[in-house]
Amino acid sequence: MTIRLYLDEDSMRRALVEALRRRGVDIVTALEAGMTEEPDEQQLDYAATHGRAVYSFNISDFCRLHGQWLSEEKSHAGIILARQ
């Protein structure tokens with residue numbers, strides 16, 4: 001199983017991206033996807049459409065979005081939240 005991640009603007013540190021790629025993690029960053037400066041809702045939608053889990057430091061917004069998506073019976077590939 002390949003891990004497929006989408007790193008939003010806040011979390012796309014070069015060292016992190018390079019380290020994960022060396023370990024075989026399939027990563028797309030917001031910069032690579034042309035999604036910089038887009039709202040979090042669009043970030044999650046992009047990741048879901050492409051079968052990728054979002055990795056972000058933006059805990060409060062993505063927790064809220066996850067709850068919203070659940071109430072709308074929408075699904076995504078996952079959300080990984082970390083403290084910065």
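The values are calculated or read from the model by the stated rules, or taken from the named source; none is laboratory data. Only a predicted model underlies this, so the values are computations on that prediction, with no experimental measurement involved. When we count neighbours, we look across all protein chains shown, and the Cβ atoms used for this are built from the backbone with ideal geometry, even at glycine. Protein only, heavy atoms only, side chains kept; ligands, DNA and RNA dropped before computing areas. Shrake-Rupley method; radii C 1.70, N 1.55, O 1.52, S 1.80 Å.
Here are some notes:
- Of all residues in the stretch 32-84, those satisfying the criterion of being among the β-branched types (Val, Ile, Thr) and closer than 10 Å to Asp8 by Cα are Thr36, Val54.
- Filtering the stretch 31-46 to residues that are surrounded by fewer than 14 Cβ atoms within 10 Å (Cβ to Cβ) and either among the hydroxyl-bearing types (Ser, Thr, Tyr) or in contact with a strand residue (DSSP E or B) (Cβ under 6 Å, 6 or more places away or on another chain) (or both) leaves only Thr36.
- Note on the stretch 47-84: residues that are touching a residue at least 40 places away in the same chain (Cβ under 8 Å) and open to solvent by less than 50 Å² (accessible area, probe 1.4 Å) amount to 10.
- Selection count, the stretch 4-25, where residues are surrounded by 14 or more Cβ atoms within 10 Å (Cβ to Cβ) and closer than 25 Å to Ser60 by Cα: 12
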